[in-house]
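One structure is given below, encoded as structure tokens.
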Amino acid sequence: MSLASVDILILAGGLGTRMKSATPKVLHDILGHPILWYVVEALKSIDGRPIVVTPAENEAFRSEFGDQVRYVVQPEQHGSGHAVRCGMEAVSAEYVLVCNGDDPLPSADDYREFLEESLTRGADAAVLAASLTSPGQLGRVLRNPDGTLSRIVEARDARPEELEVHEINTGIYLFRATDLRGWVARMEPENTQREYYITDCLAMAAQDGKTVYCHTAHGRWEMAGINERGELASAAAILQQRKLDSLYRDGVTVDMPATVRIDWDVVVGRDTEIRQGSCLRGGTVVGSSCIIGPHTTLVNANVGDGATILASHVEGAVINSNSVVGPFSYLRPGTVAGDHSKIGAFCEVKASLLGAGSKIPHLSYIGDASIGENVNIGAGTITCNYDGFSHEKHRTVIEKDVFIGANNNLVAPVTIHEGAYTATGSTITHDVPPKALAIARAVQVDKEGWVRRKKSGQ
Ligand code: UD1
Ligand code: CA
């Protein structure tokens, strides 16, 4: 339907004292995004750039949301009604959709359906209500005998019989802007908190004989808003379940889902298995038919099809198709492992390129290296990339088809040219020519009869 002109006002000016945190409540993280991000995201299906009411210190809001939203400062916190009063200075549309910024759970459909139903009914003021099994501290919706809305009472101001009501205020409202300006001017802080409540505007609308509509949310509502850490965890669990459900629909298997964490933006291809204890964070992208875990953490990682990453920590790295990592390896930013490569057990790899089919099977540190195709790095090899003085790390270049013997130190900057071999235990300090064998270790000396002489005291 074509909508009337509607501005969106998101209330995020509260300090969130119940969170006991230095971070503003709505900026607390859930699955890789702040709470408020989910609200802004769900409201994207409604035209217009939302207006966000913030506390005075709002740099963190600005750096998170940039110019996706407009900002209005609420200099002092005198309640949700006061936040709306502050926000109204930026409202120019005929209607204003007011939304709490501390509830990441309502979907785009929830907001849109409420808005469309309210406008269709010609409401001057409307609220979205929901029925909860445990309404807790939420505002209760009190209706007249004919079912119309009488008022909303906060749990802390409610009489015992009012607390029995399970229909709650979700904190989502629609108002005709001109009327709302009048109501917010008339609000009084007559409640236990001595705050201005936006909810009082609905009672005023009813008293003024305006068309007040109370829309009951469809579907299941488990909670409304986050005020303290327990609710942060509960909301995160609900969103995690939604994320898992969407992965299942996309053909992803998750083993023991209660033990995994998968951020909201993570993308996983079909037939990939995410095994227990794994954590996929940030903008991680995993291809199809991979095995991730058990006990793998991927942070902003990019994993190609058919890869296996077992019990490893991977951050900012690219692992191309059909490669194998782990168990127990650490891949750091800037690492790119080619197709069919292997980074085996107990390896640390940093800012290094590993060519297709190359292998670092065991116990190595490879940093700032470019490794060509079909290279084998012997167990226990170290790239010595830091001289203890310069800011820049030195690079190690290992061309294709090279074989590095076990327990080598490659003292960078150094190049091992194509097809060369290095002997076990070598400390390579200068470039190795193509197809040569470099031996850089002490020559073995056998002292015949040494033990016998030692024992007899000679
Ligand atoms: C509010 C509602 C309650 C509803 C619940 C749903 C009021 C009076 N009560 O209660 O009926 O059931 O939400 O979640 O509104 N805020 C500001 N400035 C302030 C105070 C709050 O911008 O000075 C913002 C908060 O950041 C928050 C929203 O307004 O996003 C609601 O405030 P909050 O303190 O969380 O209200 P609740 O007690 O949860
Ligand atoms: Ca709240």
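Cross-link partners of K447 among lysines, defined as those whose alpha carbon lies under 21 angstrom from its own and excluding same-chain residues fewer than eight positions apart: K455.
Considering helices alone, the calculated mean residue ellipticity of the chain at 222 nm is -5500 deg cm²/dmol, with DSSP H runs of length four and up weighted by -39500 (n - 2.57) and normalised per residue.
Sparse packing (at most 10 other Cβ atoms within 10 Å of the Cβ) combined with a DSSP loop state is found for the following trypsin sites (Lys or Arg not before Pro) in region 9-74: K20. Cα centroid separation, region 381-411 to region 247-315: 31 Å.
What the Cα convex hull of the chain gives, in volume per residue, is 221 Å³. The simple Förster model, with R0 at 56 Å and r as the Cβ-Cβ distance, assigns E188 and D255 a FRET efficiency of 0.50. Its Kirkwood hydrodynamic radius, worked out from the mean inverse distance over all distinct Cα pairs, puts region 43-123 at 14.0 Å. Residue order for C384, C99, C279, fewest other beta carbons within 10 angstrom first, comes to C384, C279, C99. Cross-link partners of K210 among aspartates and glutamates, defined as those whose alpha carbon lies under 17 angstrom from its own and excluding same-chain residues fewer than eight positions apart: E94, E117, D124, D146, D179, D200. When only Cα pairs below 8 angstrom with a gap of at least 6 residues are kept, the chain shows a relative contact order of 8 percent.
Each of the peptides 435-446, 343-354 was scored by the mean count of other Cβ atoms within 10 Å over its residues; in descending order, highest first, they stand as 343-354, 435-446.
Measuring between their Cα centroids, region 170-223 and region 82-115 lie 12 Å from each other. For region 312-438, dividing the convex hull volume of the Cα atoms by the residue count gives 77 Å³ per residue. Loop-located GluC sites (Glu not before Pro) in region 374-433 (DSSP state other than H, G, I, E, B) with a sparse environment of at most 12 neighbouring Cβ atoms within 10 Å: E392.
Globularity index of region 6-216 is 0.96 (Cα radius of gyration / 2.2 N^0.38 Å, N = number of residues).
For the pair A93 and R143, the difference between a 0.36 nm per residue extended length and the Cα-Cα distance amounts to 15.1 nm.
Each pair of Cα atoms in region 254-380 enters the Kirkwood radius, and Stokes-Einstein at 37 °C and 0.692 mPa s then converts it into a translational diffusion coefficient of 237 µm²/s. Computed over region 366-458, the P(r) curve from all C-alpha pair distances, binned at 5 Å from the origin, holds 3, 14, 21, 22, 10, 7, 6, 5, 6, 5, 2, 0 percent per bin.
Overall, region 1-159 carries a charge dipole of about 540 debye about its Cα centre when +1 sits on the Cβ of Lys and Arg and -1 on the Cβ of Asp and Glu, all other atoms neutral. For K243, a cut-off of 21 angstrom between C-alpha atoms picks up these lysines, skipping any fewer than 8 places away in its own chain: K44.
Read the figures in this text as sums done on the coordinates, not as results from a lab. Just so it is clear, the model here is predicted, and its values are computed rather than measured. Reconstructed Cβ throughout: ideal geometry from the backbone, glycine too, with neighbour counts over all protein chains shown.
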